[in-house]
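Step one of this worksheet: look at the structure below.
The values are calculated or read from the model by the stated rules, or taken from the named source; none is laboratory data. Owing to the predicted nature of the structure, the values given are computational and were not obtained by experimental measurement. No Cβ is skipped: glycine too gets one built from the backbone with ideal geometry, and neighbour counts run over all protein chains shown.
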Amino acid sequence: MKKSLLLGLSLSVCALILFSPWRHPLRVTEPVLAQHPPTLVASAGQWYTPPGIPAPGCAAQPNPDPDPDIRFQPGTLSLDRFRSALQPVSWPQYTPDWVKTYQPPEQVALAHPTNFGERFLLDAQGRSAARPPLIVLHETVVSGWQTVRFFQTAHYNDADQASYHALIKRDGSIFYLVPPDKRAFGAGNSVFNSPNGPETTQTNPKFSASVNNFAYHISFETPPDGNHNGRTHSGYTDRQYASLAWLIAKTGVSDDRITTHQAVDRSGSRLDPRSFDRRKFALYLQQFPKTNEISIGCWQP
C-alpha cells in the first residue's frame, strides 16, 4: 500500500441530513441538504421507478443552460449496468480464504435523474476533460435508507441536487445509485491536488469547477452515534471496510488516486468520512486484486 494513500485519506463528507427544527443543521454536510424538511423525501414504499436504462457513454460538451438530460433506453435496469460480471483473478498463494469468497450483498437503487448527469468529453470551455479516474470517499451522516430516499427524490433546483455512485451500509451491503459512466453530484467546488498539479473540471459556467466529471463517489453509512457536528464518532464496521476494498479493487483505480471529500473540498467545511481508519482500510485493500469490472472512463456513445 502506497504511503500516498494513507496520507491522502483525510476526513470529509457529502453528507445527507434532513432539517429538524430543534437543532442546528450539521455543518459537515452539503448545506442545502441540511435545510430540506423530511416531507421532500419519498416515503417508504415510494421507490423511484426509472423509465428504462441510462444510455451508456458520455456527452460531448455541456450546454451552458441547462446540462443535457440523462438519456434512457428501453429495458430493465440490472446490476450489470453498474459493474460487469465478476472476472477470474489470480490469487496470491497466501490469500485468506474469506477474501477469495467475499461477496457482499448488492442492490440497485438508481438515483432520480435530476440528481446525476452525463460525464463530458470536453469541459465548458471546449477543452479536453480527460482525467484519470478518481475515488472520493464520503459518509452519509443519516441512515442509508434516508440517503437512498433523498437521492431518489426529484430535485429540480440545481443547488438541491446530490448523489453518490455507491453506498455501503453498516452490514457491508452495497447500493448502486449512479452508473459509473455517469456524473454523480458528490463534491461541488472541489479539486484533486495530484503530483502533476491540481485536477478539476468545469462542466457548467454557472458553477465552480469540481472533480465530479472524473470521480467515482463512494459513501459509508454513518453509525447511529454520528448524527452530530462532532469531528468523530464510533467508526465503521469491518464489513464496511471489506466491502469498500472489494468495490474499489474492481475499479482498477491506483491507490494514489483514492481520496476523501474533505481532501478535495475547497470550502474547508467538509469532514467526511469522519473516524476513518486509514490503516485498516489499507490492510483490506491490499488483499483484493485489481480488476476493471467497474469502468469509470468516459467514451463517445
If we scan the range 161-169, do we find a residue that is farther than 18 Å from Arg83 by Cβ and surrounded by fewer than 21 Cβ atoms within 10 Å (Cβ to Cβ)?
no
Given (1) surrounded by fewer than 22 Cβ atoms within 10 Å (Cβ to Cβ); (2) under 23 Å from Gln146 (Cα atoms), index of the condition Ala209 fails:
(2)
Subset of the range 132-160 [under 25 Å from Asp255 (Cβ atoms) and surrounded by fewer than 19 Cβ atoms within 10 Å (Cβ to Cβ)]
Pro132, Pro133
Just give me the residues in the range 176-197 being surrounded by fewer than 18 Cβ atoms within 10 Å (Cβ to Cβ) and part of a loop (DSSP other than H, G, I, E, B), in sequence order.
Asn189, Pro195, Asn196
Condition broken by Lys206, with the remaining ones in (1) modelled with pLDDT of 95 or more; (2) over 12 Å from the mean Cα position of the chain (by Cα) satisfied:
(1)
Extreme residue, farthest from the chain's Cα centre (by Cα), among residues of the range 282-292 that are of a type outside the set (Gly, Ala, Ser) and not in a loop (DSSP other than H, G, I, E, B)
Leu283
Looking only at the range 110-123, decide whether some residue is touching a residue at least 40 places away in the same chain (Cβ under 8 Å), farther than 23 Å from Pro223 by Cα, surrounded by fewer than 16 Cβ atoms within 10 Å (Cβ to Cβ) and not hydrophobic (A, V, I, L, M, F, W, C).
no
Report yes if Thr200 is in contact with a His (Cβ under 7 Å, 6 or more places away or on another chain) and surrounded by fewer than 24 Cβ atoms within 10 Å (Cβ to Cβ), otherwise no.
no
Looking at the range 79-97, which of its residues are assigned to a helix (DSSP H, G or I) and without any contact (Cβ under 8 Å) to a residue 60 or more places away in the chain?
Asp80, Asp97
Restricting the range 284-301 to residues that are out of contact with any Gly (no Cβ under 7 Å at 6 or more places or on another chain) and over 12 Å from Trp246 (Cα atoms), which is surrounded by the most Cβ atoms within 10 Å (Cβ to Cβ)?
Cys298
How many residues are more than 15 Å from the chain's Cα centre (by Cα), in a loop (DSSP other than H, G, I, E, B) and among the aliphatic types (A, V, I, L, M) when one looks only at the range 98-152?
5
Can you pull out the residues in the range 204-220 that are outside any loop (DSSP other than H, G, I, E, B) and among the aliphatic types (A, V, I, L, M)?
Ala215, Ile218
Subset of the range 253-281 (residues that are more than 20 Å from Ile296 (Cβ to Cβ) and assigned to a helix (DSSP H, G or I)):
Gln262, Arg278, Arg279, Lys280
Please specify each residue of the range 101-151 satisfying the condition of being charged (D, E, K, R) and within 12 Å of Ala184 (Cβ to Cβ).
Glu118, Arg119
